[in-house]
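The values are calculated or read from the model by the stated rules, or taken from the named source; none is laboratory data. The model shown is predicted, which means the values in this text are computed figures rather than measured ones. All Cβ positions, glycine included, derive from the backbone under ideal geometry; neighbour counts span all protein chains shown. Calculation scope for accessible area: heavy atoms of the full protein, side chains included, ligands and nucleic acids excluded. Shrake-Rupley method; radii C 1.70, N 1.55, O 1.52, S 1.80 Å.
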There are 2 protein chains.
Amino acid sequence: MLRLNRLALTRKLLPSIQCTTKYSTVVAQEPQRPNLKTEVPGPNTKRLFEQLNSIQQAGSVQLFADYDKCTGNYFVDADGNEFLDVFTQISSLPLGYNHPELLNAFDDPHSLKTLINRPALGVFPSVDWPQRLRNVLISVAPHGMQSVFTMACGSCSNENAYKAAMFSYRVKERGGSVDFTDQEMTSVMKNQPPGTPDLSIMSFEGAFHGRTFAALTTTRSKPIHKLDCVAFDWPAAKFPRYKYPLDENTRENKNEDAKCLDSVREHIEAYKKKGRPVAGLIVEPIQSEGGDYEASPEFFRSLQKICKQHNIAFIVDEVQTGAGPTGKMWCHEYFDFPHAPDIVTFSKKMLTGGFYFSPEYKSPHAYRIFNTWMGDPGKLVLLDKVIKVIKQDKLLDLVCKTGAVLKSGLHELEKEFSTHIHSVRGRGTFLAYNSPTTELRDKIFTNMRKKGVMGGVCGNNAIRLRPALIFEPKHAEIYLDILRKVLKEL
Amino acid sequence: MLRLNRLALTRKLLPSIQCTTKYSTVVAQEPQRPNLKTEVPGPNTKRLFEQLNSIQQAGSVQLFADYDKCTGNYFVDADGNEFLDVFTQISSLPLGYNHPELLNAFDDPHSLKTLINRPALGVFPSVDWPQRLRNVLISVAPHGMQSVFTMACGSCSNENAYKAAMFSYRVKERGGSVDFTDQEMTSVMKNQPPGTPDLSIMSFEGAFHGRTFAALTTTRSKPIHKLDCVAFDWPAAKFPRYKYPLDENTRENKNEDAKCLDSVREHIEAYKKKGRPVAGLIVEPIQSEGGDYEASPEFFRSLQKICKQHNIAFIVDEVQTGAGPTGKMWCHEYFDFPHAPDIVTFSKKMLTGGFYFSPEYKSPHAYRIFNTWMGDPGKLVLLDKVIKVIKQDKLLDLVCKTGAVLKSGLHELEKEFSTHIHSVRGRGTFLAYNSPTTELRDKIFTNMRKKGVMGGVCGNNAIRLRPALIFEPKHAEIYLDILRKVLKEL
């Protein structure tokens, strides 16, 4: 009871939340609390698992969903169990389930025809495509960025960002010339230099950037993602591993930053000597799959500076952090960069993959960043609605408010149950905490699910929160209440 | 006139085409013939190009489309020009534009909710997902294949097929064991052996398999796709280059098959010696982007046999040939394989990416073929309709009939204008012909467009036809009529 009172107090200190009618509509239809009717997984889920597993390897499936019944922040499974969803399809649902704005998105014939006549966007875009890109993607572009390509998914976005980095690097190597030599034109067809260069993309230990081969080369989160797949010989630098609470470990964490930046510089030099210079560096504003590791704004600004010094494309992977969950549209806005990043990649909550890029990364040649579909205009119809709702309902404010409630509640719990959870961290509702062991972490995760909270894990011992942008303080309270019970029962 | 009479005769010899009401509805709304109102590109198109080019490199754009006005086989551009479309968004529109079945696909709330609640399919599929996979994808699976994974696009489909090939190869190398050693688990995080193996995927000269880095390594069609991108050192074998007409060059083409098969065997041996054994071989049933090169059923059966002998995954890339344009659902059905291929990849006309696989390519571990979205159930709602229309309207029969009219007309034209076009080839309406030079080919393409035919090119000197499955003999006649005029005016 004491904790709930404290939470109530915290909330009173925050400005009141203004919600529009639409937003209230979603939340009004939600269950009051999680409500489990069967064991989890229940009998229907087990039966469906067997059916799916006869068609494909289905071992990663947690639950089957009844999407007709899911509402707002609540997920309903095949057995009628109602969960509070703080994982939201691996952080890819901006407005939760069945938001009325999205249900109405294809009511008008033009939007519907945009959806069903999926074009080859690089060859035959629609008459409203330039304006749609401006109204939707450019309207929320990171500060200083005015160019964008759409893609189908996060891995493709990163792979194409690497291509853009290599194109730009080679133009600089040619002293600005954009012509190719005959030797380049013939050698490239055999995957040999000079047409096929020897370049590398640097990433960080613990990073996740996708699962196609080049993306996977830069992914360094878990062995199971990578085992048995060939990879390029590309460098991985160290990413900060901070001690918490941050304000009690300032000097140590600053040293950690310095050590990691040294590692970046060393790898740049080593790969230059190897004849495989670094053309691009990709970094997540918060390492997500790898364990929700954050780094200081100073660290990120130094990274950008190093990249500038060495003509390396500075690529910020906002696939998981983008579109609002940290309380800003783009997490890197917290870092106060003096210049825009060279490339910012996105997917998940943006509903379409793609990447923003600065002017020098616009290829002088056509057909360089290209594929049949180049994304999907139907997704921009939905994203248009999402962005309108984010603005109208002031969802970034809501994320900050709910995040504050969640984080302060988690801080209280880590004090009260310090042997079970620690290192509460993150921005907005993009939060995480650790358990001392993987086993204990998994037990908390499972016990939360048994009490109706659908959560997520990451890294070896972290639990991550990835609610939708419509997650309110009242949902945060339910989460904290159930977590408290779980921790108490351990 | 003589030619048109001959065509009419050809048509009379073919059984009459049975169309359902829906199908007739689409065709009834079409213009009678192409109708150009402005120069091409017209003023609106030029203005829109400037707008788009200020946001991204737009040099690949040919025209802007008014998709609200496109119908059936007719494409309407930003200036109101009406084109007969025989390219159909790089061969990715199965039913042409604004087919009534697709316009109605999201009328019922369940389908709409399937679309807007896009899940992480590998973790939280919908309750109807196993049944939907069966009813839609498995219902048209290649003979002998009962397993499938969905993906977002063609490149991702191929990249994941390569992963499946490598997983299976490594299990065999481990003598069937599915456990990983500690050394593998640690080395893989540094992209080093034994966790990261040294394996290769073989493709063919002239092949196209996509543009992400591993897919691009196996793509060997044009320098501009590949220049400045790093690549793996993987082998490329020779793919047949036949002489036409086929029945006058039997011995020569048979020798060509043998030479290419020798090249396959040589590369397998060479890469084994190199310590980079071939884990998978990927091949298109008809090399498409590379120039519409076909090969004999005997060649393909020998390929499969060689792969079996060497434990190499035999991957058939049906991204462009799949879903009906050759007159069969899958082009490789023409090859009479004794066993199903190991993996068949698809995208484009299937509306979703993905791949079918045989039982031994089902990974024993979860999270091996995985990403956030794993495709998009909304696309299966549409594909369901497409498959129903293909069956109800007997569109594969229509493709064969229209293809016969087209091909016989093209054969007549290549005789009449033998200095301008030759080597007519292909299956169904998936047809192509060559010009003696790139310049002449481009002139024919441009002049056809000026007369209202939206075509496609491939390779150095080929023109390819990629109409929708609803292309009728009457459309074929319009195409042949305009081509005849263009050839006559050269």
DSSP-defined beta bridges in the protein assembly as shown - what % are antiparallel, rounded to 5:
65 percent
List, shortest first and in nm to one decimal, how far the label point of B:Asp108 (7 Å from Cα along Cα→Cβ) is from its counterparts in the other copies.
2.8
Overall form of the stretch B:279-389 per C-alpha gyration tensor (a/c, 1.5; a/b vs b/c):
oblate
Counting only Cα atoms, I'd like the Rg/Rh figure for the stretch B:111-390, Kirkwood definition for Rh.
0.97
Magnitude of the charge dipole, the protein assembly as shown, Cβ model with Lys/Arg +1 and Asp/Glu -1, debye to 20:
40 debye
Using a 1.4 Å probe on protein heavy atoms only, how many Å² of accessible area do A and B hide from each other, summed over both chains and rounded to 100?
10900 Å²
Under the Karplus relation with 6.51, -1.76 and 1.60 and θ = phi - 60°, whole-Hz ³J(HN,Hα) for the stretch A:364-370, x at Gly and Pro, equal x, 10, 6, 6, 8, 9, 6
Hey, rough spin-label estimate for A:Asp179 and B:Lys450, points 7 angstrom out along Cα→Cβ, what's it come to in nanometres?
3.0 nm
Could I have the simple spin-label model distance between A:Glu248 and B:Tyr367, label points 7 Å from Cα toward Cβ, reported in nm to one decimal?
3.1 nm
How far, in degrees from 0 to 90, does helix B:438-450 lean away from the longest principal axis of the Cα atoms of chain B, to the nearest 10?
60 degrees
Given a cut-off of 22 Å, name the pairs among A:Lys259/A:Lys328; B:Lys328/B:Lys348; A:Lys37/A:Lys348 whose C-alpha atoms lie farther apart than that in the structure shown.
A:Lys259/A:Lys328; A:Lys37/A:Lys348
How big is the convex hull of the Cα atoms of the stretch B:130-202, per residue, in Å³?
153 Å³
Is there a pair in A:Lys163/B:Lys226; A:Lys69/A:Lys385; A:Lys46/A:Lys443; A:Lys349/A:Lys450; A:Lys349/B:Lys349; B:Lys243/B:Lys415 whose C-alpha atoms are over 18 Å apart, and which pairs would that be?
A:Lys69/A:Lys385; A:Lys46/A:Lys443; A:Lys349/A:Lys450; A:Lys349/B:Lys349
Once the convex hull of the alpha carbons of chain B is built, what does its volume come to per residue, in cubic angstrom?
164 Å³
Residue-ordered couplings for the stretch B:238-247, obtained by feeding phi - 60° into the Karplus form 6.51 cos²θ - 1.76 cosθ + 1.60 and rounding to whole Hz (Gly and Pro as x), are 7, 10, x, 10, 7, 9, 10, x, 4, 6
Crossing angle, helix B:250-273 versus chain B [Cα axis fit, 0-90 degrees, rounded to tens]
30 degrees
Fraction of accessible area attributable to carbon and sulfur, the protein assembly as shown (%, probe 1.4 Å)
51 percent
How far is A:Lys37 from itself in the other copies, in nm, if each label sits 7 Å out from Cα along the Cα-Cβ line, shortest first?
5.6
Angle between the Cα long axis of helix B:473-489 and the longest principal axis of chain B, 0 to 90 degrees, nearest 10?
70 degrees
accessible surface per residue for the stretch B:350-490, probe 1.4 Å, DNA/RNA/ligands not counted, whole Å² -> 31 Å²
Any residues in the stretch A:189-227 that have 30 Å² or more less accessible area with all protein chains than in their chain alone, probe 1.4 Å, and which are they?
A:Met189, A:Asn191, A:Thr196, A:Pro197, A:Arg211, A:Thr212, A:Phe213, A:Arg220, A:Pro223, A:Ile224, A:Lys226, A:Leu227
Per the 1/(1 + (r/R0)^6) rule, R0 = 45 Å and r from the Cβ atoms of B:Lys172 and A:Glu50, FRET efficiency to 0.05 is 0.95
How much accessible area per residue does the stretch A:196-295 have, counting only protein heavy atoms and a probe of 1.4 Å, in square angstrom?
35 Å²
Taking Lys and Arg as +1 and Asp and Glu as -1, residues besides A:Asn191 with C-beta under 9 Å from its C-beta add up to +2
Residues whose built amide H sits under 5 Å from the amide H of A:Met202, excluding neighbours closer than 5 in sequence, are A:Ala279, A:Gly280, A:Leu281, A:Ile282
With R₀ set to 35 angstrom, the calculated FRET efficiency between the beta-carbons of B:Arg33 and B:Lys388, to the nearest 0.05, is 0.70
In nm to one decimal, list the spacings between the A:Lys443 label point and its equivalents in the other copies, with label points set 7 Å along Cα to Cβ, shortest first.
8.1
Distance in Å, no decimals, from the C-alpha centre of the stretch A:407-475 to the one of the stretch A:317-381 is 29 Å
Inter-site label distance for A:Ala270 and A:Glu489 at 7 Å from Cα along Cβ, in nm:
4.8 nm
With a probe of 1.4 Å, find how much accessible area the stretch B:46-90 has per residue, and write the answer as a whole number in Å².
26 Å²
Directionally averaged projected area (convex hull, Cα atoms, the protein assembly as shown), nm²
37.8 nm²
The correct ranking of A:Thr250, B:Thr212 by accessible area at 1.4 Å, largest first, is A:Thr250, B:Thr212
